[in-house]
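First comes the structure, then the notes that go with it.
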Amino acid sequence: MASAPDPAAPPAACDLLISGADLVTFDDEQRLVPDGALAVRDGVIVDLGPRAEVERRWRPAERLDATGTVAAPGMVDAHVHTGQMLLRGLLSTLELRGALKVPTWRHYYVPFEAQLSPEDMRVSAELMVATMLLGGTTSFFEAGAVHAGVLAQVADEMGIRALVSPNTMDDAPDLPASMVTTTDAALQANVELVEQWPAGRRVSGAMSLRQITTCTPELIRLVSAEARTRGVRVHSHLVEGTYEIDYTLDRYGMRPIEHLMELGAFTDTLHAAHSVLVDDDDIASYRRHDVSVAHCAFGNYRIGAAPAITMWRRGIRIGLGTDGPAMQGTLDVFRVAAATGVVQQYLLATPRHDRRGIPPTEPMAMATRGGARALGLDDRIGSLEVGKAADLVLVATDSPDAAAYTSAIAFYLESATGRDVRDVLVDGRVLVRDRVLTGTDHGEVVHRANVAQRRLVEGW
């Protein structure tokens, strides 16, 4: 990483100087810098620290007054389904008429995604990225999209950071035919995406396996081996439901994680969303094989007592995910972090009468630094450090929730939500300024999404 300039040298040129914010770095030392500043050049943080010192060292082309805000790394959504963006609220509406069929992904999510045309996917992607940016999310990992190339193009155009993987299933006869392909075609779709969107770019391709119950052992072996050869990630759902455990026990005589180990797929290339129904031995396996995890609080706790903080404290690369807006409706990772903290406190600390067993710093660190590690991008994002990309948010402290807080940093850690985000930068480029998208007409995006949603949900 680059080093800060010599204090004795004359001021150096930079592109942007952000001054007056309280800095929450999430670096290895967990530094907090009241009344701080940071300098950005060529999209990278080149200096940060107390305001007076940083301002003395730099001659910026542009200044951004961040007084009254907290500067922190952007949120990372480690598991999201773009194709479910226009499904928002439908399940709750249907539930008013009667009980939903389970599992919901099989009866609602996948059939809905099967309807999407490339243009529908563009509309979904534009709305999702706009919503993420306005709420302080600067990076995401798509779980497996139909028309994945369209999503990658939209992410690239709108300036967000992303890993994008394609929908991958070759063994699901009861699902729409458009969502299921041959083994060879499924592998080829993954290879083509990572070749079109190479690793190392702001928007990069990844591979996927929807889950064990929809992918043949051959496809699991092939995708995992190809991913290792190419140095890319494989996004999959894992131990998300009891049906998945019953499936592998019935077919293979072993549990899902054991099955993936036998296939050579439980490796550091695997990103295992949810990972709810696990025990201590499973957690040890995650750590030993360096498998990363996305903890989706709004969905996971409907399934079981997901051990997110235990995984975090044992060194597993775990981040937080919204799981898309199909069930809970929100893409606000701040809210996911808050839910994670509350439920993990209840599960892990309350039974032993430890009232502060889960400090607010841990879920927020999972949402930023943890997400970066889970995506394999910790060398680039996830903390405010010299040499890392300027992917950051400025959180305003002018809301009623922030009134009379002892410190702005305490408000950020305890009570802030995506609605408190004022400015958002990715690679040093300001994508949200004063709560307005700088390169996108949000009103037009919402209008197109409303029109498309009315058409897509008709008849459900």
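The figures follow:
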{"quantity": "Some residue of the range 315-330 being without any contact (Cβ under 8 Å) to a residue 24 or more places away in the chain, over 13 Å from the mean Cα position of the chain (by Cα) and either surrounded by fewer than 19 Cβ atoms within 10 Å (Cβ to Cβ) or part of a helix (DSSP H, G or I) (or both)", "calculated": "no"}
{"quantity": "Those residues of the range 194-221 which are part of a helix (DSSP H, G or I), buried (at least 20 other Cβ atoms within 10 Å of the Cβ) and touching a Ser or Thr at 6+ places or on another chain (Cβ under 7 Å), in sequence order", "calculated": "Ile212, Leu219"}
{"quantity": "Matching residues, the range 231-251, being farther than 11 Å from Ile212 by Cα and in contact with a strand residue (DSSP E or B) (Cβ under 7 Å, 6 or more places away or on another chain)", "calculated": "Val232, Arg233, Val234, His235"}
{"quantity": "Residue in the range 412-433 that is among the β-branched types (Val, Ile, Thr) and either in the same structural domain as Ala308 (by TED's automatic domain parsing) or at pLDDT below 95 (or both) present", "calculated": "no"}
{"quantity": "Single residue of the range 338-347 satisfying the filter (touching a residue at least 24 places away in the same chain (Cβ under 8 Å) and surrounded by fewer than 24 Cβ atoms within 10 Å (Cβ to Cβ)) that is farthest from Gly83 (Cα to Cα)", "calculated": "Leu347"}
{"quantity": "Any hit, the range 154-171, residues being surrounded by 20 or more Cβ atoms within 10 Å (Cβ to Cβ), among the charged types (D, E, K, R), assigned to a loop (DSSP other than H, G, I, E, B) and in the same structural domain as Met327 (by TED's automatic domain parsing)", "calculated": "yes"}
{"quantity": "From Thr350, Thr368, residue being surrounded by fewer than 20 Cβ atoms within 10 Å (Cβ to Cβ), in contact with a Gly (Cβ under 8 Å, 6 or more places away or on another chain), assigned by TED's automatic domain parsing to the domain that holds Val291 and β-branched (Val, Ile, Thr)", "calculated": "Thr350"}
{"quantity": "Filtered residues of the range 413-432 (kept if touching a Phe, Trp or Tyr at 6+ places or on another chain (Cβ under 9 Å) and either buried (at least 20 other Cβ atoms within 10 Å of the Cβ) or in a strand (DSSP E or B) (or both))", "calculated": "Ala416, Gly418, Asp420, Val421"}
{"quantity": "Of residues in the range 288-314 being assigned to a helix (DSSP H, G or I) and among the small types (Gly, Ala, Ser), the one modelled with the lowest pLDDT", "calculated": "Gly299"}
{"quantity": "Selection count where residues are part of a loop (DSSP other than H, G, I, E, B), on the phi < 0 side of the Ramachandran plot and within 26 Å of the chain's Cα centre (by Cα), scope the range 234-287", "calculated": "11"}
{"quantity": "The one condition in (1) in contact with a helix residue (DSSP H, G or I) (Cβ under 7 Å, 6 or more places away or on another chain); (2) surrounded by 18 or more Cβ atoms within 10 Å (Cβ to Cβ); (3) in contact (Cβ under 8 Å) with a residue 60 or more places away in the chain that Thr361 fails to fulfil", "calculated": "(2)"}
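This table checks each residue for (1) under 30 Å from Met327 (Cβ atoms); (2) among the charged types (D, E, K, R); (3) in the same structural domain as Gly329 (by TED's automatic domain parsing); (4) at pLDDT 95 or above.
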residue: Asp47; (1), (2), (3), (4): no, yes, no, yes
residue: Arg51; (1), (2), (3), (4): no, yes, no, yes
residue: Arg56; (1), (2), (3), (4): no, yes, no, yes
residue: Gly68; (1), (2), (3), (4): no, no, no, yes
residue: His81; (1), (2), (3), (4): yes, no, yes, yes
residue: Gln84; (1), (2), (3), (4): yes, no, yes, yes
residue: Leu90; (1), (2), (3), (4): yes, no, yes, no
residue: Leu96; (1), (2), (3), (4): yes, no, yes, no
residue: Val102; (1), (2), (3), (4): yes, no, yes, no
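The values are calculated or read from the model by the stated rules, or taken from the named source; none is laboratory data. Predicted model, so just to flag it, every value in this text is computed and none were measured. Positions of Cβ are backbone-derived with ideal geometry, glycine not excepted, and every protein chain shown enters the neighbour counts.
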